[in-house]
Ligand code: SF4
């Protein structure tokens with residue numbers, strides 16, 4: 001019976017969609033090794049695109065600020081954490097500032113929060129190596145007690161004056177990289193980039209507009225910081241919703 005066949009076919013498609021959804025949720029929530037392994041095969045491999053002009057401009061920007069002391073954080077940092085990723089990113093992820101591990105390695109998001117960010121990105125087939133760039137609002141480690149850089153747990157959010165001093169670097173990075181989308185991680189980076197006073201729980205999952213130094217309009221999606229997810233795993237579901245939206249937006253640009 002054609003009618004029955006069609007209904008059956010719709011049911012099977014719907015079941016397949018549910019399984020796909022479950023696979024991705026499992027990856028983000030880290031519940032199931034089988035689905036984790038299954039999902040590690042990327043659905044779409046994106047060819048590497050590199051622009052020597054962008055690289056030259058980014059290198060020059062790094063050189064300009066490598067010894068920066070434009071705010072007090074420059075006096076206590078171990079290494080400047082400039083950013084990392086590809087030169088033509090689908091998404092620029094923006095955090096607030098380096099922590100203990102990042103300060104030692106000179107790389108963004110390399111501690112526990114960074115591991116979770118990598119999982120979150122992988123859940124929608126994004127990675128530092130192929131499709132994103134990761135940077136922070138401030139490039140040097142803000143510490144509660146700057147006399148004890150050897151202490152873990154000595155991190156603090158950057159002060160408004162520190163963010164104001166450092167933001168021009170990120171603005172230039174955005175202008176050079178020209179990402180398809182920006183995803184701000186947490187309240188601090190969202191407020192700094194979007195010049196808003198709204199808290200992250202109020203505005204996450206909604207799209208905003210950022211205008212670059214070259215007057216290009218880039219859509220910004222705020223979501224929770226991975227460190228907040230480590231403290232409160234309940235927030236993972238909201239981040240998963242935000243990542244699905246981001247994946248959908250990216251797919252519309254391909
Ligand atoms: S945080 Fe930014 S402005 Fe302050 S010293 Fe470091 S690079 Fe310079």
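Just so you know, all these numbers are worked out from the coordinates, no wet-lab data involved. Please read these numbers as outputs of a predicted model, since none were measured by experiment. So basically every Cβ, Gly included, is an ideal-geometry build from the backbone, and we count neighbours across all protein chains shown.
Only residues that are farther than 25 Å from residue 178 by Cα, surrounded by fewer than 15 Cβ atoms within 10 Å (Cβ to Cβ) and in contact (Cβ under 8 Å) with a residue 40 or more places away in the chain were counted in the range 195-229, giving 0.
Yes/no per residue for (1) more than 16 Å from the ligand (Cβ to nearest atom); (2) closer than 19 Å to residue 189 by Cβ; (3) in contact with a strand residue (DSSP E or B) (Cβ under 9 Å, 6 or more places away or on another chain):
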position	(1), (2), (3)
83	no, yes, yes
86	yes, no, yes
90	yes, yes, yes
96	no, yes, yes
102	no, yes, yes
113	yes, yes, yes
118	yes, yes, no
125	yes, no, no
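Filtered by the rule that a residue be near the ligand (Cβ under 10 Å from one of its atoms) and in contact (Cβ under 8 Å) with a residue 40 or more places away in the chain, the range 133-168 gives 136, 137, 138, 139, 140, 141, 142, 158, 161, 162, 165, 166.
Pull up the range 103-119, narrow it to residues that are closer than 16 Å to residue 84 by Cβ and in contact with a helix residue (DSSP H, G or I) (Cβ under 8 Å, 6 or more places away or on another chain), then point me to the one that is surrounded by the most Cβ atoms within 10 Å (Cβ to Cβ).
Filtering the range 103-119 down to residues closer than 16 Å to residue 84 by Cβ leaves 103-111, 113-115, 117-118.
Next, only the ones that are in contact with a helix residue (DSSP H, G or I) (Cβ under 8 Å, 6 or more places away or on another chain) stay: 108-111, 113-114, 117.
Numbers: 108: 25, 109: 28, 110: 20, 111: 20, 113: 21, 114: 21, 117: 25.
Applying the filter and picking the extreme gives 109.
Condition first: within 18 Å of residue 81 (Cβ to Cβ) and exposed (fewer than 10 other Cβ atoms within 10 Å of the Cβ). Now tell me which residues in the range 51-65 satisfy that. Passing the criteria: only 63. Hey, among 234, 197, 209, which residue is within 21 Å of residue 118 (Cα to Cα) and either more than 16 Å from the ligand (Cβ to nearest atom) or out of contact with any strand residue (DSSP E or B) (no Cβ under 8 Å at 6 or more places or on another chain) (or both)? Testing whether each residue is within 21 Å of residue 118 (Cα to Cα) and either more than 16 Å from the ligand (Cβ to nearest atom) or out of contact with any strand residue (DSSP E or B) (no Cβ under 8 Å at 6 or more places or on another chain) (or both) leaves just 234. Contact annotation: residue pairs with Cβ atoms under 7 Å, 6 or more positions apart or on different chains, pairing a residue in the range 57-71 that is without any contact (Cβ under 8 Å) to a residue 24 or more places away in the chain with a partner that is surrounded by 11 or more Cβ atoms within 10 Å (Cβ to Cβ), are 62/82; 66/80.
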